[in-house]
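J.: Structure provided below as C-alpha cells; questions to follow.
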Amino acid sequence: MKVSGFSFIRNAILYDYPVVEAITSILPVCDEFVIAVGASRDGTLDLIRGIDSGKIRIVETLWDESLREGGRVLADETDKAFRAISPDSDWAFYIQGDECVHENELPAIHRAMTEFRDRPEVEGLLFDYLHFYGSYDFVGDSRKWYRREVRIVRNDPKISSFRDAQGFRWSNRLLHVKHSGGTIYHYGWVKQPEIQQTKQRDFNRFWHDDRWIQKNIPDASHFDYSRIDSLRPFAGTHPLVMQERISRKNWKFNFDPSRKNMSRKSRILGFIEKQTGWRIGEYRNFRLIS
C-alpha cells in the first residue's frame, strides 16, 4: 500500500500557521508528501524546504485570486497538490496547515487504510474533529463547529476538492466513506489576537466582497475571542509535534466555560445532541456507509 500526503499553504509565517507540525504529524504513515506552496509575502517556501524529510515534494503555485466567491481558490490549490501526487498511490491523506493528527491514532488510521484499500466502495475515510479556540486549553462544543470531515481519499481523478476545500466530491456527488479511527486537531482559531484579526480580515476576502468585509469585520487591532457561544476545557493531550509550539506560544485565555451565550433553540438542540448523539439538521459533506 502506498500513501501520499498532500496540502497547500501560503503566508504561513505571516498568519502563524503550524504547517510544519501539520505535515510532520502524518509523515509516519505517508510514503511521500506533496505541498503546493503559493507565492508568499514571507519565508514560507524556505520554511517548508527546511523540514528534514526526503518524503516532501514542493509544487510552487500562484493563487488565482479571481476565484473569490465561496473560497474556491482554496479548493483550487488543494487540487493542484492532489493532482501532483504519485499515480501509483492508493490513498491520498489531506491535511490543512492548521490541522494535526495525534501520534497515538496513526496505527488505527493505517489499519483503516489497509483494511479498506481493496474495497472500492469505500472512497474516503472520515475523521472526528477537535476545534481549539482562544488558546490551546479550550475546545468549541456548540453546533457551530463541524464534527467530522473526510481527510483521506482514493487517488482517483474523479475526486476533487469541494467549495472552500473543507471536503471532497466524487464527480459532484458525496463520497462514500468509512471512519478512519482518527481525530483532526484543528488549531485555526488559536492565534495571538492581533494575528487572528489580520487573518480574519484578509481571508474573508476569499469568500466575500469588500462591502461585506467593511460591514462585518471590525476595524480593530485585536480579535475579540470573548464573543464565542460555548467552550469546554480540553482534558486530553496534544500531539507531540505541537507541544514545543504550545509551550512557546500559549497564553492565558480568561474564559468561564459555564457561560453559554446561546439562544434557547440552540440550548435545546444542544441538549438533544448530548443526550442522543443526534445533531438535528447537521450538514454532512459525505455519506457514511455500513
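The values are calculated or read from the model by the stated rules, or taken from the named source; none is laboratory data. Fair warning: this is a prediction, and the values are worked out from it, not measured in the lab. All Cβ positions, glycine included, derive from the backbone under ideal geometry; neighbour counts span all protein chains shown.
J.: Given the criteria closer than 28 Å to E244 by Cβ, without any contact (Cβ under 8 Å) to a residue 40 or more places away in the chain and touching a helix residue (DSSP H, G or I) at 6+ places or on another chain (Cβ under 6 Å), does V29 qualify?
T.: Here the answer is no, as V29 does not meet what is asked.
J.: Could you please find all residues in region 44-77 being modelled with pLDDT under 95 and either polar (S, T, N, Q) or within 13 Å of I13 (Cβ to Cβ) (or both)?
T.: S66
J.: Collect the residues in region 1-19 that are polar (S, T, N, Q) and assigned to a strand (DSSP E or B), keeping them in residue-number order.
T.: S4, S7
J.: Name the residue that is farthest from P193 (Cα to Cα), counting only residues in region 121-135 that are assigned to a loop (DSSP other than H, G, I, E, B) and at pLDDT 95 or above.
T.: Applying the filter and picking the extreme gives E121.
J.: Any residue that is in contact with a Cys (Cβ under 6 Å, 6 or more places away or on another chain), closer than 26 Å to W207 by Cβ and surrounded by 23 or more Cβ atoms within 10 Å (Cβ to Cβ) - is there at least one of those in region 22-40?
T.: For region 22-40, residues in contact with a Cys (Cβ under 6 Å, 6 or more places away or on another chain), closer than 26 Å to W207 by Cβ and surrounded by 23 or more Cβ atoms within 10 Å (Cβ to Cβ): present.
J.: Please enumerate the residues belonging to region 136-166 that are closer than 28 Å to M262 by Cα, in contact with a Ser or Thr (Cβ under 8 Å, 6 or more places away or on another chain) and in a loop (DSSP other than H, G, I, E, B).
T.: If the condition is that a residue be closer than 28 Å to M262 by Cα, in contact with a Ser or Thr (Cβ under 8 Å, 6 or more places away or on another chain) and in a loop (DSSP other than H, G, I, E, B), then D141, S142, R143 are the ones that fit.
J.: For region 71-98: of the residues being part of a helix (DSSP H, G or I) and in contact with a strand residue (DSSP E or B) (Cβ under 6 Å, 6 or more places away or on another chain), which is surrounded by the fewest Cβ atoms within 10 Å (Cβ to Cβ)?
T.: D79
J.: Related question: Report yes if some residue within region 108-120 is surrounded by fewer than 20 Cβ atoms within 10 Å (Cβ to Cβ), polar (S, T, N, Q) and either in contact with a helix residue (DSSP H, G or I) (Cβ under 8 Å, 6 or more places away or on another chain) or farther than 15 Å from Y94 by Cα (or both); otherwise report no.
T.: Within region 108-120 (the criterion being surrounded by fewer than 20 Cβ atoms within 10 Å (Cβ to Cβ), polar (S, T, N, Q) and either in contact with a helix residue (DSSP H, G or I) (Cβ under 8 Å, 6 or more places away or on another chain) or farther than 15 Å from Y94 by Cα (or both)), the answer is yes, since at least one residue qualifies.
For every residue, the table says whether it meets (1) exposed (fewer than 10 other Cβ atoms within 10 Å of the Cβ); (2) more than 30 Å from S25 (Cα to Cα); (3) in contact with a Pro (Cβ under 9 Å, 6 or more places away or on another chain); (4) not β-branched (V, I, T).
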| position | (1), (2), (3), (4) |
| --- | --- |
| Q214 | no, yes, no, yes |
| S230 | no, no, yes, yes |
| K260 | no, yes, no, yes |
| I289 | no, no, no, no |
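J.: Related question: Which of the helices (runs of 4 or more DSSP H) found entirely inside region 172-290 contain at least 1 residues meeting this: at pLDDT 85 or above and either under 30 Å from F93 (Cα atoms) or aromatic (F, W, Y) (or both)?
T.: Hits in region 172-290: 193-203, 240-249.
J.: Could you list all residues from region 20-44 that are assigned to a helix (DSSP H, G or I) and either small (G, A, S) or under 27 Å from M113 (Cα atoms) (or both)?
T.: Hits for region 20-44 are V20, E21, A22, I23, T24, S25, I26, L27, P28, V29.
J.: Taking the condition closer than 28 Å to P28 by Cα and among the hydroxyl-bearing types (S, T, Y), does T276 pass?
T.: Considered against the rule, which asks whether it is closer than 28 Å to P28 by Cα and among the hydroxyl-bearing types (S, T, Y), T276 comes out as no.
J.: If you don't mind, another one. Can you tell me which residues in region 35-61 are within 13 Å of G97 (Cβ to Cβ), β-branched (V, I, T) and in contact with a Lys or Arg (Cβ under 9 Å, 6 or more places away or on another chain)?
T.: Across region 35-61, the qualifying residues are I35, V37, T44.
J.: Same structure, new question: Just for region 45-64: of the residues that are assigned to a loop (DSSP other than H, G, I, E, B) and out of contact with any Phe, Trp or Tyr (no Cβ under 8 Å at 6 or more places or on another chain), which one is farthest from N155 (Cα to Cα)?
T.: Within region 45-64, the match that is farthest from N155 (Cα to Cα) is G50.
J.: Select, from V29, V20, V73, V34, the only residue that is more than 30 Å from S135 (Cβ to Cβ) and within 20 Å of the chain's Cα centre (by Cα).
T.: V34
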